[in-house]
Amino acid sequence: MKKVTIVCDGSSLGNGRGNPRAAAVAVLGYKGSWRAFGEYLGSATNQQAEIAAAEIGLRTLTEPCKVRVLSDSNYVVQTMLGKFKKKTNHDWWKKLEKSAEKHDISWEWVKGHSGHVVQEVADTLARKSAEMGRVDPDLMDEAVAEIGVLEL
């Protein structure tokens, strides 16, 4: 199985209040090379955006892989480890579980805004995509190019 690292983050400007704008981004690493994938989610909460970010990363993989998922969302990590109950966001969790089925996954929490190079890229891309109301492929490519070759 290929060994892949996914660093994911979601952002919700307004976090479910008023007219929120949310986006989710997953930055995938394989053999030191990185690619970013994202989606503009529109009206979603921060928790939903965090779930979506992990789901996007896993859904992007075209074959079963050994995956290390890093998220700054303790909610996502602890829920996927079975330590938190799924009390809300059931449709979002179903999508994540479906995308996770075929992979061997380790779930790891990484502190946000702590200088973790790839997590900072995922955070910035999610926030900018939410602000713009769309995902800009050129911006995604430029951001991951700055990571360079990095093994986590």
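Taken together, the values in this text are just the output of simple stated rules run on the coordinates, not laboratory data. Because the structure is a prediction, the values reported are computed rather than measured. Virtual Cβ from ideal backbone geometry, glycine too; neighbours counted across all protein chains shown.
One decimal place: the segment Leu81-Lys102 gains 6.0 nm when fully extended, by the rule 0.36 nm per residue minus the C-alpha distance. Comparing Cα centroids, region 102-141 and region 26-100 end up 11 angstrom apart. Placing unit charges on C-beta atoms (Lys and Arg positive, Asp and Glu negative, everything else neutral), compute the dipole magnitude of the chain about its Cα centre in debye, rounded to 20. That gives the chain a dipole magnitude of about 660 debye. On alpha-carbon atoms, Rg over Rh for the chain using Kirkwood Rh? Here the Rg-to-Rh quotient is 0.94. Given the DSSP H assignment, sum -39500 (n - 2.57) over each helix run of at least 4 residues in the chain and divide by its residue total; what's the result at 222 nm in deg cm²/dmol, nearest 500? Helix-only estimate at 222 nm: -11500 deg cm²/dmol. If you build a Gaussian network model of the chain, linking Cα atoms that sit under 10 Å apart, which residue out of Lys31, Lys83, Lys111 swings the most? The residue with the greatest mean-square fluctuation here is Lys83.
How would region 106-149 be classified by its alpha-carbon gyration tensor: rounded, prolate or oblate, with rounded meaning a/c under 1.5 and the a/b versus b/c comparison settling the rest?
oblate
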